[in-house]
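Notes follow the structure.
Since every read-out is calculated from the coordinates, none of them should be taken as a lab result. Quick caveat, the model's predicted, so the values are computed rather than measured. Counting neighbours? That spans all protein chains shown, and the Cβs are built from the backbone with ideal geometry, glycine included.
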Amino acid sequence: MRWVVLACLLLAGCGAAPARTTASQVPLTIGGKPVVDAQGLQMQAEAELSYTLSFGYVARAGDAVSCWFARTGAQAEVDRRLWCGPVQVPGTAAATDWVPVPLKEVEQNDGGVRLEVQPPQVPDPGSRSTPVGKLVRTDGREADADQGGKLAGPDFLAVQPDDGRALPEAAGLVRDDQLALRITGYGSPEAWSTEKGELRAEHGVRLRVLRLSVERLRETDTAFRQAPWSGWLPQPPEAALQVPGKRHPLPMDRLPETGSVFVVYTVPDAGGQEALALSTVGAKSLEQRVEVPSGVALGEVFPALRRPPGPASPTPVAHKLKVGGAEGALEVQRVRLGRQRPVNVDGQQYGLATASAPDRALLELRLQGRDLPQTAGAALTKDLVAVTLPDGSRAPLVGARYGGDTFPVAVVVEVPADARSVSVAVTAGTVDLPILGATPIEPGDPVAVPLDF
């Protein structure tokens, strides 16, 4: 009986969620045959679910968690799964979720169908799971799957759209070259209103609310849409919220491409450090963490990633030059500063270049020719684009993306992580360009490109 006692403790009592009680028990059938020892199946499933709760795979979302059969339409016919809840799957909305527990048929005879409880099918973070039919217990009680989600237990974490309500300001940034998360607000309310009603923390935990501004740079930056790639595609980064005793993944499909969300979660009454983490995945992996709500960096710091990736409103600058006698300009349309940038490798394939040290950064200059001859000469002219640092030294070229024009659509150089400006010019010379042949290039004065964003 010890496992039953353990289940009762972890499930906050052996009671059930609020439900309508009928006068007499309702027979439960599968395939028209009675379910043998249906009450025992409920108890075994609740014991299994106790471990799911204790490891924080789901959070309690009501006064008690218990396991129910689900009707499939006919009066007595039920699903071949038990549904245990109400719970909340971390990363979903602040609503009621249920964990399905499969039932395996082991015997069937005239007396009924005998079933065996299987391990719970715990939904992935951010994925909801709810039964379709009315829930029913062996004692005849019935309940709806949607029970409002009014209590938040340990390990609770919900992601909600930002509806603009007031929240105390906070500041912090964690980003890589594919995702930027900015802390803009933080609070510890006694209650928080959701679309399902007022949410409160259960005894022993407290509510926290974090406002996050999200920019999925991977989606908004055309550089990462190149194809084909040499080797593996760049892997999406992984965001997480760390609270005392738990690391909660923040599911990407719950975050907007650009915009703001509320992350509503619980922490123990005793408190402890909270942190927002971002893991860059791949051969050049990196984890960054900032304290919540102060925004102070924890662990190794990459200064370039403590800065925005570029200006909010880029101002193009034009470098005047002559190519084969034609007067025009090479325009720097925008810049990107970070740790990794896509570049051409092995001809027409792409790879991910990475800064050589934590105190270095990759600077990408997006280029566009104006009134210049057009030919596929970028592979020949990339080395002519000189990026000069304030101390007069030339920033080493890391790579380029060619496109189909005379000059590359982008050049990538390595600069100090704290660089605040560079100058750009094309080196004079004669280049043997496709179709055009030997073509003289006569540059004008270098142009300054500010990096004070």
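What the table below lists for this structure:
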| quantity | calculated |
| --- | --- |
| Relative counts (whole %) of C-alpha pair distances in region 157-301, using bins that are 10 Å wide | 11, 40, 33, 13, 4, 0 |
| Assigned charges on the beta-carbon of Lys, Arg, Asp, Glu; the chain dipole about Cα centre (debye) | 160 debye |
| Cβ-Cβ FRET estimate between Asp418 and Val132, R0 fixed at 51 Å, reported to 0.05 | 0.35 |
| Cleavage-rule hits (chymotrypsin sites (Phe, Trp or Tyr not before Pro)) in region 32-115: DSSP loop, at most 15 neighbouring Cβ within 10 angstrom | Phe55 |
| Label-to-label distance, nm, for residues given as Ser313 and Met252 (7 Å Cα→Cβ offset) | 3.2 nm |
| Extension gain (nm, one decimal) between Ala270 and Ser356, 0.36 nm per residue minus Cα-Cα | 26.8 nm |
| Long pairs among Lys104/Lys150; Lys284/Lys320; Lys246/Lys284; Lys33/Lys134; Lys33/Lys196, criterion Cα-Cα beyond 29 Å | Lys104/Lys150; Lys284/Lys320; Lys33/Lys196 |
| Acute angle (nearest 10 degrees) that the helix 38-54 long axis makes with the longest principal axis of the chain, alpha-carbon atoms | 40 degrees |
| Of Tyr350, Phe407, Leu337, farthest towards positive along the dipole that unit charges on Lys, Arg, Asp, Glu beta carbons give the chain | Leu337 |
| Over region 216-258, relative contact order from alpha-carbon pairs under 8 Å, at least 6 apart, % | 38 percent |
| In region 105-192, the GluC sites (Glu not before Pro) that fall in loop regions by DSSP, at most 15 other Cβ within 10 Å | Glu190 |
| Region 26-146 - percent relative contact order, Cα under 8 Å, separation 6 or more | 28 percent |
| Relative contact order of the chain, defined on C-alpha pairs under 8 angstrom at six or more residues apart (%) | 10 percent |
| Cα centroid separation - region 295-311 against region 161-208, whole Å | 22 Å |
| From the coordinates shown, Rg/Rh (Cα atoms, Kirkwood Rh) corresponds to which of (i) 1.15; (ii) 0.95; (iii) 1.04 | (i) |
| Per-residue [θ]222 nm for the chain (sum of -39500 (n - 2.57) over DSSP H runs n ≥ 4, rounded to 500) | -2000 deg cm²/dmol |
| Contour minus Cα-Cα distance for Asp124 and Arg306 (0.36 nm per residue) | 62.4 nm |
| Within the chain, longest stretch clear of exposed trypsin sites (Lys or Arg not before Pro) (DSSP loop, no more than 13 other Cβ within 10 Å) | 1-164 |
| Two-site FRET efficiency, Glu116 against Asp144, from Cβ-Cβ distance with R₀ of 45 Å, rounded to 0.05 | 0.95 |
| Net length gained if the chain between Lys104 and Glu219 were fully extended (0.36 nm per residue, minus Cα distance) | 37.1 nm |
| Region 318-409 shape via C-alpha gyration tensor axes, a/c threshold 1.5 | oblate |
